[in-house]
Amino acid sequence: MVVQKFGGTSVADPDAIGRLIQIVRQARARDGRGPAVVVSAMSGVTDTLLAVAATAGDGRIDEALPRIDELRARHHAAARALAPAEAAAGLGTIIDTVVDDLVALARALSVLGEVSPRTLDVVAAAGELLSSRIVAAALAHAGVPAEWVDARRAIITNGEHTRAVPLGDETDAALRATALAAIEAGRVPVLGGFVGSTKDGHTTTLGRGGSDYSGALVGAGIGAREIQIWTDVDGMLTADPRIVAAPRLVPQLSFAEAAELAYFGAKVLHPSTILPAIERNIPVRILNSRKPEGTGTLITAEPSPSATPLTALACKRGLTVVDITSSRMLMAYGFLRRVFEVFERYRTSVDVVTTSEVTVSVSIDERRHLDAIAEALSEIAQVSIEHEMALLCAVGDRLRTEPAIAARCVGVLEEVPLRMISQAASCRNITVILREADLQHAMERLHEEFFGVEA
């Protein structure tokens with residue numbers, strides 16, 4: 001039994017949903033029951049809904065209503081394409097009910113002149129509620145016994161609206177009573193991701209990446225053997241394809257390696273969104289819904305024996321390096337605490353830190369409070385700032401046991417001016433900070449050295 005989570009591009013239109021149906025049918029034929037299906041909103045819908053809330057809250061109801069009309073038309077068109085006339089009529093009524101509620105809410109927001117987090121959750125949840133209804137109906141029309149499960153009855157959260165935290169025991173119990181009960185009755189449960197509710201029944205959302213989180217919660221709650229994340233890429237790649245022309249597919253990596261890659265820039269999957277799978281040791285597989293025959297990338301607790309010394313490369317652009325220099329820090333306790341209290345005060349996270357006898361250098365990617373940070377730090381040290389920097393990170397579990405790999409990484413970049421070099425205590429990565437202008441050349445050199453040129 002597996003959980004199949006489909007992202008926005010995998011439910012973007014009737015053709016995409018048609019591919020989803022085939023993928024679900026094959027999983028059901030293979031396993032004899034299930035799968036559980038979790039879907040995102042159609043691509044672009046959540047952004048539109050957030051824009052509707054913002055414009056309505058600003059009193060610009062004349063801008064908000066046409067966007068809602070476009071959403072209504074898009075979902076009706078999908079319903080007509082995927083379900084027979086009689087079923088499409090019933091589905092159309094459901095769509096109209098959700099959208100009419102959205103119109104009423106937008107009008108209320110325009111009068112109130114503000115959007116509370118609680119109201120924003122109700123607006124944002126509409127995308128997943130609509131897409132899951134359509135997918136459930138499309139599966140049923142295609143001969144797959146499907147049952148729509150209201151995610152608000154299956155994912156129980158606290159009341160922190162727009163980034164709610166699921167309540168583990170309550171969610172597990174709710175999933176057993178809804179999704180697992182449907183599977184045991186021979187049906188395919190279909191839930192919208194990203195959406196939940198409080199114990200009191202108030203709609204909540206799990207924040208960006210919440211649909212992956214929902215997929216992991218469902219997998220943990222029903223005891224799945226695997227969680228599949230169906231997206232529009234083949235899996236995790238050895239490098240960003242926008243920088244390296246021919247990156248390779250990473251067939252398998254560990255949760256720890258995935259965490260390092262995600263933190264340092266890889267966008268496919270962030271481990272915080274699959275934490276329930278990590279906690280219960282459920283393998284996660286990333287697959288391409290446009291190429292369902294592919295093997296994808298499997299993420300497990302333990303790394304697989306790797307044929308290459310590194311697993312993959314990741315990068316970030318647009319960083320700023322801040323140097324804090326003071327002779328007073330030499331052999332002085334408390335200096336680093338004072339430095340990092342400044343970053344904490346202005347809620348600015350630090351990517352990489354290096355220290356020398358009298359200098360602390362940090363890289364940051366959030367510059368909103370940079371002037372205030374520099375002013376506060378100047379009270380205890382000299383401060384210099386360098387913009388247009390980038391981070392390049394090489395990740396692999398073998399770095400822990402083969403120190404020569406780290407030396408090889410730096411050696412490959414001998415002609416590139418490196419601003420900072422760091423290796424964390426986990427020894428799963430080596431990270432360098434360099435000028436943004438040098439990033440592409442440096443990443444290409446590392447990729448060629450460790451992954452070669454794919455035939």
Against the conditions (1) touching a residue at least 60 places away in the same chain (Cβ under 8 Å); (2) surrounded by 17 or more Cβ atoms within 10 Å (Cβ to Cβ), where does T55 fall short? Just the number, please.
(1)
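Given the residues L191, L167, which is the only one that is under 12 Å from G221 (Cα atoms), under 25 Å from the mean Cα position of the chain (by Cα) and not polar (S, T, N, Q)?
Values: L191 fails: under 12 Å from G221 (Cα atoms).
Criteria check complete, one pass: L167.
Counting only residues that are closer than 20 Å to V38 by Cβ and over 17 Å from the mean Cα position of the chain (by Cα), which one in the range 199-210 is surrounded by the most Cβ atoms within 10 Å (Cβ to Cβ)?
The first filter runs over the range 199-210 and keeps only residues closer than 20 Å to V38 by Cβ, leaving 203-210.
Those left that are additionally over 17 Å from the mean Cα position of the chain (by Cα): 203-204.
On the way: T203: 22, T204: 30.
If we take residues in the range 199-210 being closer than 20 Å to V38 by Cβ and over 17 Å from the mean Cα position of the chain (by Cα), then T204 is surrounded by the most Cβ atoms within 10 Å (Cβ to Cβ).
So which of L261, L175 ends up being surrounded by 20 or more Cβ atoms within 10 Å (Cβ to Cβ), among the aliphatic types (A, V, I, L, M) and closer than 30 Å to L120 by Cα? Show your work before the answer.
Values: L261 fails: closer than 30 Å to L120 by Cα.
From the options L261, L175, the qualifying one is L175.
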Counted residues, the range 121-166 - those being open to solvent by 20 Å² or more (accessible area, probe 1.4 Å), of a type in the set (A, V, I, L, M, F, W, C) and either without any contact (Cβ under 8 Å) to a residue 12 or more places away in the chain or within 11 Å of G196 (Cβ to Cβ) (or both)
2
Among the listed residues T354, T297, identify the single one that is open to solvent by 20 Å² or more (accessible area, probe 1.4 Å) and in contact (Cβ under 8 Å) with a residue 24 or more places away in the chain.
T354
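It is to be established whether one or more residues within the range 320-335 are touching a residue at least 60 places away in the same chain (Cβ under 8 Å), buried (at least 16 other Cβ atoms within 10 Å of the Cβ) and under 19 Å from the mean Cα position of the chain (by Cα). Quick ask: steps written out before the conclusion?
In the first step, residues of the range 320-335 are kept if they are touching a residue at least 60 places away in the same chain (Cβ under 8 Å); the result is 320-323.
Filter again for buried (at least 16 other Cβ atoms within 10 Å of the Cβ), leaving 320-323.
Subset that is under 19 Å from the mean Cα position of the chain (by Cα): none.
No, that holds for no residue.
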May I ask you to verify whether V268 is assigned to a loop (DSSP other than H, G, I, E, B), among the β-branched types (V, I, T), in contact (Cβ under 8 Å) with a residue 60 or more places away in the chain and surrounded by fewer than 24 Cβ atoms within 10 Å (Cβ to Cβ)?
no
Under 7 Å by Cβ, and 6 or more places apart or on different chains, what pairs join a residue from the range 17-28 that is open to solvent by 20 Å² or more (accessible area, probe 1.4 Å) with one that is assigned to a helix (DSSP H, G or I) and at pLDDT 95 or above?
none
Residue count for the range 25-70, restricted to those that are touching a Ser or Thr at 6+ places or on another chain (Cβ under 6 Å) and either among the basic types (K, R) or part of a helix (DSSP H, G or I) (or both):
5
Mind listing whichever residues of the range 75-96 are open to solvent by 80 Å² or more (accessible area, probe 1.4 Å) and either under 24 Å from T9 (Cα atoms) or touching a residue at least 24 places away in the same chain (Cβ under 8 Å) (or both)?
R80
Answer with yes or no whether L319 is touching a helix residue (DSSP H, G or I) at 6+ places or on another chain (Cβ under 7 Å), assigned to a strand (DSSP E or B) and not aromatic (F, W, Y).
no
The condition of being touching a residue at least 24 places away in the same chain (Cβ under 8 Å), open to solvent by 30 Å² or more (accessible area, probe 1.4 Å), over 26 Å from Q22 (Cβ atoms) and touching a Ser or Thr at 6+ places or on another chain (Cβ under 6 Å) holds, among R248, R280, only for R248
Test for V188: is it under 22 Å from L139 (Cβ atoms), open to solvent by less than 20 Å² (accessible area, probe 1.4 Å) and either touching a His at 6+ places or on another chain (Cβ under 8 Å) or of a type outside the set (D, E) (or both)
yes
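The values are calculated or read from the model by the stated rules, or taken from the named source; none is laboratory data. No experiment lies behind these values; they were computed from the predicted model shown. Don't worry about glycine lacking a Cβ; one is built from the backbone with ideal geometry, like all the others, and counts go over all protein chains shown. Side chains included, ligands, DNA and RNA excluded: accessible areas come from the protein's heavy atoms. Shrake-Rupley method; radii C 1.70, N 1.55, O 1.52, S 1.80 Å.
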